[in-house]
1. Beyond 16 Å, how much of the Cα-Cα pair distribution for the range 378-420 remains, as a whole percent?
2. Would you please give the residues with an amide H less than 5 Å from that of residue 46, counting only those at least 5 places away or on a separate chain, with H modeled from the backbone geometry?
3. If I histogram all Cα-Cα distances within the chain using bins 20 Å wide from 0, what percent of pairs lands in each bin?
4. Which whole-angstrom value gives the distance between the alpha carbon centres of the range 379-420 and the range 44-106?
5. For a protection proxy built on the mean count of beta-carbon atoms within 10 angstrom, sort 375-385, 361-371, 298-308, 92-102 highest first, please.
6. Which lysines, on any chain, are close to residue 374 with Cα under 28 Å apart, when same-chain ones fewer than 8 places away are left out?
7. Please compute the net charge surrounding residue 85, taking Lys and Arg as +1 and Asp and Glu as -1 over other residues with Cβ under 11 Å from its Cβ.
8. Antiparallel versus total DSSP beta bridges in the chain: what percent is that, nearest 5?
Amino acid sequence: MEIKNEIINARVTFRKSPIHVLERFTFNDLTNAYSSFRDNSGLNECVILQTCNRVEVFGIGNQTDIEKIKKTWASLAGLEENAFLDNLEYSKGKDVFHHLLNLTSGLDSMVLGEEQILGQIKNSITNARENKWSSEHLNTLFDKTIRVGTRIRNSTGISKGSISVGSMAVKLAEENVDDMKSKQILLIGTGEAAALVAKSLKRRGYAFSVSSRTIQRSESFSKTVGGKPVDFNEILTGLGKYDIVFVATSAPYFLVTFERIQEALKQKSGGIMLLDLSNPRTVDEKVAELNNIKLMNIDQIAEMVDKNMRSRVGQKNTAEQIINEELPVVEASMKRLEAEPIVKDVFKNIDNLRNKELQKALNMLGDLDDDKKKIVDELTKAIVESIVSTPMNNLRKETEQGNDDLLEAVSKLFDYKKKE
Ligand SMILES: NC(=O)c1ccc[n+]([C@@H]2O[C@H](COP(=O)([O-])OP(=O)(O)OC[C@H]3O[C@@H](n4cnc5c(N)ncnc54)[C@H](OP(=O)(O)O)[C@@H]3O)[C@@H](O)[C@H]2O)c1
């Protein structure tokens, strides 16, 4: 009889697959994905984590089989099975616990320590729990690793501060401009770099306008990432309306020229802060010579990102150290879960027997008042408890330490049948 469960994780992430490849592995219909994994891949419990940087399946079963998982995944995503060759990573047992601890603490993120992943993991487990796709094992594993991840973030400060060029640019603007919430902010560009800026602005609650050569591109950017779309030609000749301008385009010439900024300054009383994320530059560096202009280019922004990264190396080491200390604790809790169904079953069966014998004895004793009945009841409970507790606690301890022989022996002794 197979009584042991095995936890697995199959994943396609940004580490091996660029975003456009990763997209092909996503599940469009999560409910369907969950039931397919349960019905066709031998998983009794399942949690799916799907973000723009990763698609991951966590599962548990007594007969987990990567080939079945790949087959199910391929059919859900409409892929050939060989699509997984260079993209899939697969872990089992302790490695899954380690991976999940890395995830919850932000060590496996593209941007070290980023916060978003923790919320995404919480949403995934909440959704799985509510729909009963996950149960005791994965719920326990996720709850514990989320707790450890949160503690690591709090105690190491790994999540503090900004780190992408986009959020660093926003941070620099905040450091250089007073009361940024009251300022007019413009973002020129609607590509990847602009999206980093937009996300950070949005996260920090700043309203902003966005502009791209084609208004349709600004409009769709505004719908998906944020910002108020504005006409490109208008902004180039009307930069004076803005106090902070982020520029992130791949134009091969200066869009923000010396003359345009000179004109802009005439239209306003205060100054303008310009943050040029473009490489090559799209803001003419000469504008920095003008009074009331602050300019930061991509090299300066990237240098700050680097500095921030370097200061995190120590935090990363501390986080890894905590993970290594916590890993055996998580592992022990998960192993202990293997003993729980047997322990519960044994207690339940013995309690049924106790009750049966108790009723017989009470019938033989005839009319007893409630106090006396209670004494007899408690006596039987105490006898059962004192006989069964020690072996059951020993079973728990041995299972925690990975001694499966005792688990096998106890299940044979007590005729335990695993419920599917
Ligand atoms: N991606 C990053 O993580 C990153 C990081 C640091 C720096 N950068 C730099 O940021 C700049 C943009 O990179 P990206 O990755 O965001 O590129 P992208 O995704 O290809 O987007 C390019 C952007 O530039 C605009 N654009 C292209 N040619 C233009 C022109 N002649 N005049 C006006 N706008 C023009 C495009 O809008 P339209 O199509 O509407 O013109 C689009 O908004 C590059 O200089 C890059 O080196 C990027």
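1. For the range 378-420, the share of Cα pairs beyond 16 Å comes to 47 percent.
2. 134, 135
3. For the chain, the binned pair fractions read 21, 39, 25, 11, 4, 0 percent.
4. Value for the Cα centre distance between the two parts: 33 Å.
5. The packing order, highest mean first, is 92-102, 298-308, 375-385, 361-371.
6. Straight-line reach from residue 374, under 28 Å: 344, 348, 356, 360.
7. -1
8. 50 percent
The values are calculated or read from the model by the stated rules, or taken from the named source; none is laboratory data. This is a predicted model, so every value here is computed, not measured. Here the Cβ is made from the backbone with ideal geometry for all residues, glycine too, and neighbour counts use every protein chain on show. Surface accessibility is based on the protein's heavy atoms, side chains included, excluding ligands, DNA and RNA. Shrake-Rupley method; radii C 1.70, N 1.55, O 1.52, S 1.80 Å.
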